[in-house]
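Everything below concerns the one structure shown next.
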Amino acid sequence: MKRMILFHGALAVLLSSTCLLAADDKTDSAEIKSEISKSAVSSCIGACHINFRKELGSTLGFLDNIGVTIHEARKTPDPVQLALCARGLAVAEKVSGKTAAVTSEQVMAEAVKLAKLRTDSQELAAVAALAGKDHQADLMELADVARKAEKAARAATEKGETNKALIGTLQVINHSHECLRIYMDGRYLGEAHAGTTENFHVHNHQHYNHFDAYCEEDGELVEHSDYHGHAHFLTWHIHN
């Protein structure tokens, strides 16, 4: 990315389901700021630029496409596919005795982080089975919690009860010169092109939100801290 992007979030909460706070009412507003940093760049996004067969000195054919598969799994995003790639890459590393610029450990860490963000019980269980003993207990515990929450949500829906999850709007105002891919809690929402305002309908099943944006051109990541609490309308200003 040619320029460092600054994200500035201004949070406006609905007074009711039909009425937004007035523009000058700061009582229930909040601000979130963050800057791009090298440590925030996802190793998996850059995987498509790596010749894994060459770097590992391997003849294993599946390595020809593994970089692109890792890259696309992160963009989708798909934690299970990432974990599968990590396991395959780990085998190639063991056979060759080498590692590439992106390692199986990095890809698996990405898969685990993403699965935890998305809180899908089946994804958590699948990644737990692939991640090994270092993450298995933690992920299986989270999968059990997610499974119970999903069951409760289905029961509430069948009874006609209102879901307590946040249903609202994420408004992204992209003041930058970059086309950005927007994610919330590990789920892709859509693109915000340079100089445009995009509205995304969102569902929040947690007490916090985690937002990511990737530069479409070169895959660099800008990430801000988790925001704790519930709101019905979030405006995210993105500046160069």
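Brief remarks follow.
- Filtered residues of segment 118-151 (kept if more than 16 Å from Ile70 (Cα to Cα) and touching a Lys or Arg at 6+ places or on another chain (Cβ under 8 Å)): Arg118, Ser121, Leu124, Leu139, Leu142
- Residue in segment 76-98 that is of a type outside the set (A, V, I, L, M), crowded, with 18+ Cβ neighbours inside 10 Å, in contact with a strand residue (DSSP E or B) (Cβ under 9 Å, 6 or more places away or on another chain) and touching a residue at least 60 places away in the same chain (Cβ under 8 Å) present: yes
- Test for Val127: is it buried (at least 21 other Cβ atoms within 10 Å of the Cβ) and touching a helix residue (DSSP H, G or I) at 6+ places or on another chain (Cβ under 8 Å): yes
- Residue ID - surrounded by the most Cβ atoms within 10 Å (Cβ to Cβ), chosen from residues in segment 99-111 that are within 20 Å of Ala126 (Cα to Cα) and among the small types (Gly, Ala, Ser): Ala111
- Among the residues making up segment 39-72, those that are hydroxyl-bearing (Ser, Thr, Tyr), open to solvent by 30 Å² or more (accessible area, probe 1.4 Å) and at pLDDT 95 or above are Thr59, Thr69.
- Pair list, Cβ under 6 Å, 6 or more apart: segment 144-164 residue closer than 21 Å to Val127 by Cβ and open to solvent by 60 Å² or more (accessible area, probe 1.4 Å), other residue in a helix (DSSP H, G or I) and at pLDDT 85 or above: Arg147/Ser121
- Selection status of His210, in contact with an Asp or Glu (Cβ under 8 Å, 6 or more places away or on another chain), modelled with pLDDT under 85 and within 26 Å of Glu72 (Cβ to Cβ): yes
Let's see how each residue does on (1) of a type outside the set (Asp, Glu); (2) at pLDDT 90 or above:
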site	(1), (2)
Ala125	yes, yes
Asp134	no, no
Leu142	yes, yes
Arg147	yes, yes
Gln171	yes, no
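The values are calculated or read from the model by the stated rules, or taken from the named source; none is laboratory data. From a predicted model like this one, the values you see are computed outputs, not experimental measurements. Because the Cβ atoms are built from the backbone with ideal geometry, glycine has one as well, and the counts that use them run over all protein chains shown. To get the accessible areas, we keep the full protein, side chains included, count just its heavy atoms, and leave off ligands, DNA and RNA. Shrake-Rupley method; radii C 1.70, N 1.55, O 1.52, S 1.80 Å.
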